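Visitor: Below are the structure tokens for one structure; questions will follow.
The values are calculated or read from the model by the stated rules, or taken from the named source; none is laboratory data. Remember, it's a predicted structure, so these values are computed and weren't measured experimentally. Quick reminder, even Gly has a Cβ in these numbers, built from the backbone with ideal geometry, and neighbours come from all protein chains shown.
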Amino acid sequence: MKITLKLSEALYYLSYFIWLFFIFVAQTNLVNRYPMIFKLRLLAMVVSIILLFVKFLCEKHTIEFILIYFGALCLGTAIGIAVHKPYDALMVISTILLIVSIKNVNFRNVLILWSSSIALFMFLIFGLLKLNLIENSLRIQSGGRVRFSQGYFYASLGANYLFHLTLVYLYIRLSKIKFWEILSLGLLNYYFYINTDTKSAFYSAIFSLVLVYVFKNKTLSPKLLSIMGRFVLTVGVLLPIALTYFYNGSSKFFHTLNIFLTGRLSLGHKAWSLFGVHLFGQRIDWALQQSATSVFDDYLYVDSSFVNILLHYGVILLIIIWFSYYQLIKREYFNTIEMLVFVVLIIHSMFDPQFFELMYNPLLLLIGVSWTMDRHKYQEGLN
């Protein structure tokens, strides 16, 4: 079979791969041995941005898309200026450009590129770990919680990569997936769970696998899927924001819920009180755990994706994200399996921070699909 690849597509794939590789490596314990990886990560994002500009110049565009493209670029630049840190600024600009540049690119192939790359990277880190060429950090947290990092900078990173890899694999395979594939994914997620004690990623992965196994030969009506998707999306965005804003530590309800969510509500409320909400975001210097064994009393980070986006990147970006997905769902673009995967992604993102991080979540590119493709091209990219 002859494979043809347009220059614009090749530029996009190359841009995303370079961006993904260096950001992934910078999240492993290789940075302890090679700290220059952090600088290479910044350079990789710059190279990625340049390649995406070249892609734009190589293509013909309508006036409508040119306005969308430069509007997205202006938004990314405004947020980049507001966050006022090179890494955060380049991250948000490159992410937005990767989203809007999905035009004329086969979306399914992008998912295959991402999943193949992440699977390869994780396999290489596992190999380095078994050869004792990378540190398997031990972290002991409050309550005596023991977590091994499996070669990653934080214990939760590998488990969350695998969770999102599970979702994307299900999204690609759809009803063609076999029981042995589901079982294999479940066992891989269990391996990371028993070694890293990352509960939310494991439970979400198992939930998605069970849902797909039950519904893989069933077809729900497009109208029902649309109603369900819009409801879960809207509640998923608004509920953690409301719970964070109205959190009251003296309330028995909030106290119990905060314990169940391992302190996420109190940390989110503290961050909201300290930083407030702005249109285009702001600079936030999160206080993250740095030592291998630490109770980290001064720890401060917002785990809810949607609260994190609201505080860090601003109201405008969060509204655009919600509106883009809402319109995509309203137009009934998702089949049963795709919608179930999306629902699990939203539920997980309510209290975990990876939704607006393209290294974890390539389904974020669906925002670009909603801006730049009609229904025919969207379906063509998935089938």
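Visitor: Consider the stretch 1-26. How many of its residues are modelled with pLDDT under 95 and crowded, with 17+ Cβ neighbours inside 10 Å?
Guide: The qualifying residues number 1.
Visitor: List the pairs whose first member sits in the stretch 249-273 and is outside the structural domain of LEU300 (by TED's automatic domain parsing) and under 18 Å from LEU288 (Cα atoms), whose second member is surrounded by 17 or more Cβ atoms within 10 Å (Cβ to Cβ) and of a type outside the set (Gly, Ala, Ser), and whose Cβ atoms are under 8 Å apart, counting only residues at least 6 apart or on separate chains?
Guide: Sorted first by the residue in the stretch 249-273, then by its partner, the list stays empty.
Visitor: Can you tell which of LYS130, LYS199, LYS223 is surrounded by fewer than 19 Cβ atoms within 10 Å (Cβ to Cβ), within 30 Å of PHE323 (Cβ to Cβ) and not polar (S, T, N, Q)?
Guide: Just a single option satisfies the conditions, and that option is LYS223.
Visitor: From the list LEU183, LEU187, LEU174, which one is in a helix (DSSP H, G or I), at positive phi and either in contact (Cβ under 8 Å) with a residue 24 or more places away in the chain or over 16 Å from the mean Cα position of the chain (by Cα) (or both)?
Guide: LEU174
Visitor: Then there is this: Which is within 22 Å of MET91 (Cα to Cα) and of a type in the set (Ser, Thr, Tyr), of TYR326, TYR313, TYR333?
Guide: Of the residues listed, the single one that is within 22 Å of MET91 (Cα to Cα) and of a type in the set (Ser, Thr, Tyr) is TYR313.
Visitor: So which pairs qualify, if the first residue must be in the stretch 103-124 and closer than 15 Å to LEU185 by Cα, the second must be part of a helix (DSSP H, G or I) and β-branched (Val, Ile, Thr), the Cβ gap must be under 7 Å, and the two must be at least 6 apart or on different chains?
Guide: Once the first residue is closer than 15 Å to LEU185 by Cα and sits in the stretch 103-124, its partners that are part of a helix (DSSP H, G or I) and β-branched (Val, Ile, Thr) give SER115/VAL168; SER115/ILE172.
Visitor: Still on this structure, I have one more. Is it true that ASN136 is touching a helix residue (DSSP H, G or I) at 6+ places or on another chain (Cβ under 7 Å) and outside any helix (DSSP H, G or I)? Spell out how you get there, then give the answer.
Guide: Details: touching a helix residue (DSSP H, G or I) at 6+ places or on another chain (Cβ under 7 Å): yes; outside any helix (DSSP H, G or I): yes.
Criteria met by ASN136.
Visitor: In this structure, is THR234 surrounded by 13 or more Cβ atoms within 10 Å (Cβ to Cβ), under 22 Å from ILE319 (Cα atoms), of a type in the set (Val, Ile, Thr) and in contact with a Gly (Cβ under 6 Å, 6 or more places away or on another chain)?
Guide: Considered against the rule, which asks whether it is surrounded by 13 or more Cβ atoms within 10 Å (Cβ to Cβ), under 22 Å from ILE319 (Cα atoms), of a type in the set (Val, Ile, Thr) and in contact with a Gly (Cβ under 6 Å, 6 or more places away or on another chain), THR234 comes out as no.
Visitor: Tell me which residues, restricted to the stretch 211-232, are more than 21 Å from ASN361 (Cβ to Cβ) and either outside any loop (DSSP other than H, G, I, E, B) or of a type in the set (Val, Ile, Thr) (or both).
Guide: Scanning the stretch 211-232 gives TYR213, VAL214, PHE215, THR219, PRO222, LYS223, LEU224, SER226, ILE227.
Visitor: Collect the residues in the stretch 163-179 that are closer than 11 Å to GLU338 by Cβ and of a type in the set (Ser, Thr, Tyr), keeping them in residue-number order.
Guide: Result: TYR171, SER175.
Visitor: Another one. Could you tell me whether ASN132 is touching a residue at least 40 places away in the same chain (Cβ under 8 Å) and more than 29 Å from TRP286 (Cβ to Cβ)? Walk me through it before giving the result.
Guide: Values: touching a residue at least 40 places away in the same chain (Cβ under 8 Å): no; more than 29 Å from TRP286 (Cβ to Cβ): yes.
No: the conditions fail for ASN132.
Visitor: Do any residues in the stretch 72-96 that are under 13 Å from LEU279 (Cα atoms) have Cβ atoms under 6 Å from those of residues that are of a type in the set (Gly, Ala, Ser), where the two are at least six apart or on different chains, and which pairs are they?
Guide: ILE79/GLY281; GLY80/ALA89; ALA82/GLY281; VAL83/ALA89; VAL83/GLY281
Per-residue answers, yes or no, for (1) of a type in the set (Gly, Ala, Ser); (2) at pLDDT 95 or above; (3) on the phi > 0 side of the Ramachandran plot:
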site: ARG230; (1), (2), (3): no, yes, no
site: GLY236; (1), (2), (3): yes, yes, no
site: PRO240; (1), (2), (3): no, yes, no
site: TYR245; (1), (2), (3): no, yes, no
site: THR256; (1), (2), (3): no, yes, no
site: PHE260; (1), (2), (3): no, no, no
site: GLY263; (1), (2), (3): yes, no, yes
site: GLY268; (1), (2), (3): yes, yes, no
site: PHE275; (1), (2), (3): no, yes, no
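Visitor: Looking at the stretch 137-155, is at least one residue surrounded by fewer than 18 Cβ atoms within 10 Å (Cβ to Cβ), charged (D, E, K, R) and either in contact with a His (Cβ under 9 Å, 6 or more places away or on another chain) or not assigned by TED's automatic domain parsing to the domain that holds PHE334 (or both)?
Guide: yes
Visitor: Something else now. Taking the stretch 27-50, which residues are crowded, with 20+ Cβ neighbours inside 10 Å and free of Cβ contacts under 8 Å to residues at least 40 places away in the same chain?
Guide: ALA44
Visitor: Give, as residue ranges, the helices (runs of 4 or more DSSP H) completely inside the stretch 237-351 that count at least 2 residues that are of a type in the set (A, V, I, L, M), touching a Ser or Thr at 6+ places or on another chain (Cβ under 7 Å) and closer than 30 Å to LEU220 by Cα.
Guide: Once the helices (runs of 4 or more DSSP H) in the stretch 237-351 are filtered for at least 2 residues that are of a type in the set (A, V, I, L, M), touching a Ser or Thr at 6+ places or on another chain (Cβ under 7 Å) and closer than 30 Å to LEU220 by Cα, what remains is 315-330, 336-349.
Visitor: Hey, can you tell me all the residues within the stretch 328-368 that are surrounded by fewer than 22 Cβ atoms within 10 Å (Cβ to Cβ) and of a type in the set (Ser, Thr, Tyr)?
Guide: The answer is THR336, and nothing else.
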